[in-house]
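The values are calculated or read from the model by the stated rules, or taken from the named source; none is laboratory data. Just so you know, these numbers come straight off a predicted model, no measurement behind them. Positions of Cβ are backbone-derived with ideal geometry, glycine not excepted, and every protein chain shown enters the neighbour counts.
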Amino acid sequence: MTWKATLVRERFEWKDAKDILAMELPQSPKSDFIFWKAHPSGNFITKSGYAMLVENRIKDEDRLNRDTLKVLGIVWKDKILPKWKVFMWRLMFNGLAVNSNLSKRGIEVGSQCEYCGYMDENIQHVFQTCSVARLSWMVYKIQVQIETLEPINVKKWVQNYILLFHSEDGSNGSRIEGFIAMLWSLWVTRNARVFRKDGGHARTVLQQVEVALRTLSVFQQSPHPIQIDPVPPDSEPREPPGFLLVQLGSNQNVFANFVLQVDGSWDKKTKRAGWGWAYKDGNMEMVVFQAGGGDYGCTSTALQAETRACLRGLQWAKERNIMEILVFTDSLILVSELKKQSEYIVHVTWEIQEIRKLAATFNVRSILKTDRNKVEMAHVIANKCRKDGSTLSFRIFGVNLFYAASLIVRYEIVASKIVQVL
Ligand SMILES: [Zn+2]
């Protein structure tokens, strides 16, 4: 048997016809049968159906192209301040809290630019088209073109320049750093204008660049600069390097300004556990982490203590009406479990489910696996709660004030270290 090619071509679209003609035909007549193509056996299995759905969803998501990966790789490998790296990453994924992004998320802000009054302050406006950005680039030592006629995709534009500088200067060139320093300065100046009503003219931006470049050179000369991760991401490029990320909230593309660190502490011999959390509210311009709370109890594993810390921290944030949250944990297993949709490690099944359920009620919520030093304050609280068998609640001051005060002093010291890293 063969296909009647002319007939097929007549009746079907070109591409469908091609696919049909490419199909093999049995040599003798056969009855039709149902075949489930997501499993090699052809039999439908729930698990394979599920896997197929998940795979389709991943395909649907905006996949990163090679250029983006390459650019992220270049940025991560560059010896620049870690906070610049995170900033660049947010810039590339439109995760910066510009007014248009905030309005989209239902936060009451005017969406216009504080500098020129332009109605829609989006990232393109902040970094390219606002008059202050335009003028700053115009007089800057690094030549960067800004198309004025057509709307430009900022991500593409940033990408193109980094690739260009990289190809022309190699890894040792300073133009990439200069380019990032300018982007950073435009952002910092914009924030000062929005939060502190500093005028923030082009002159301020350029002074800011000088400061940024000086900070960078000090950083580069220090013997042990803090590197987040020298390895560029490849498999999960939506995450900053060194982070494992799970997004559980309804809006997946932005980062919250409210950061919660959670950590558990566990003693194998006694099975005694403590958990604690600390927070930093970017919306309130807080620069150091503050103690959130903590508690103690018994758990069968360390993971369970981590899970409990995460759950309690989130519940606490929920009570305070926080709607957008970014959680830091140093537990890789916890984040891996949260990434799954089912079949959790059996002894934390219920709490993982609780966390996922609670997560769904936040507008924006992501959980990041970070280094231990980024959850240091939560760690101190968890340890303290476990060792002392104490409960800590800074909202209602369930501990005696002297104890609370001594903790705060210690946290401030720890926190100042953390801020540098962030
Ligand atoms: Zn403007």
**Message:** Residue under question is Glu319, and the condition is that it be among the acidic types (Asp, Glu) and over 16 Å from Gln261 (Cα atoms); does it hold?
**Reply:** yes
**Fill in**
Filtering segment 315-330 down to residues that are acidic (Asp, Glu) and either surrounded by fewer than 22 Cβ atoms within 10 Å (Cβ to Cβ) or closer than 14 Å to Asp281 by Cα (or both) yields Glu319, Glu324
**Request:** Please determine, by comparing only the residues of segment 130-141 that are near the ligand (Cβ under 9 Å from one of its atoms) and buried (at least 20 other Cβ atoms within 10 Å of the Cβ), which one is farthest from Gln208 (Cα to Cα).
**Result:** Cys130
**Message:** Please determine whether any residue of segment 8-30 is β-branched (Val, Ile, Thr), surrounded by 10 or more Cβ atoms within 10 Å (Cβ to Cβ) and modelled with pLDDT of 65 or more.
**Reply:** yes
**Request:** Any chance you could count how many residues in segment 97-118 are modelled with pLDDT of 70 or more and either at positive phi or near the ligand (Cβ under 10 Å from one of its atoms) (or both)?
**Result:** 7
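Assess whether Ala309 counts as being assigned to a strand (DSSP E or B) and closer than 14 Å to Gln261 by Cα.
In short, no.
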**Prompt:** What pairs can you find where one residue is in segment 116-134 and under 19 Å from Arg203 (Cβ atoms), the other is near the ligand (Cβ under 8 Å from one of its atoms) and of a type in the set (Ser, Thr, Tyr), and their Cβ atoms are less than 7 Å apart, with a gap of 6+ or different chains?
**Reply:** Cys116/Ser131; Cys130/Tyr115; Cys130/Tyr118; Val132/Tyr115
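This table checks each residue for (1) under 20 Å from the mean Cα position of the chain (by Cα); (2) surrounded by 24 or more Cβ atoms within 10 Å (Cβ to Cβ).
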{"site": "Gly264", "(1), (2)": "no, yes"}
{"site": "Gln304", "(1), (2)": "no, no"}
{"site": "Gly313", "(1), (2)": "yes, yes"}
{"site": "Ile352", "(1), (2)": "no, no"}
**Request:** Taking only segment 245-279 into account, find how many residues are at pLDDT 85 or above and assigned to a strand (DSSP E or B).
**Result:** 15
**Request:** State whether one or more residues within segment 148-157 are within 16 Å of the ligand (Cβ to nearest atom), over 22 Å from Ala97 (Cα atoms) and among the β-branched types (Val, Ile, Thr).
**Result:** yes
**Asked** Which one of these does Asn94 not meet: (1) at pLDDT below 80; (2) more than 21 Å from Ile146 (Cβ to Cβ); (3) away from the ligand (no atom under 16 Å from the Cβ)?
**Response** (2)
**Prompt:** What pairs can you find where one residue is in segment 199-221 and at positive phi, the other is in a helix (DSSP H, G or I) and of a type outside the set (Phe, Trp, Tyr), and their Cβ atoms are less than 7 Å apart, with a gap of 6+ or different chains?
**Reply:** Gly200/Val132; Gly200/Thr189; Gly200/Arg190; Gly200/Ala192; Gly200/Arg193
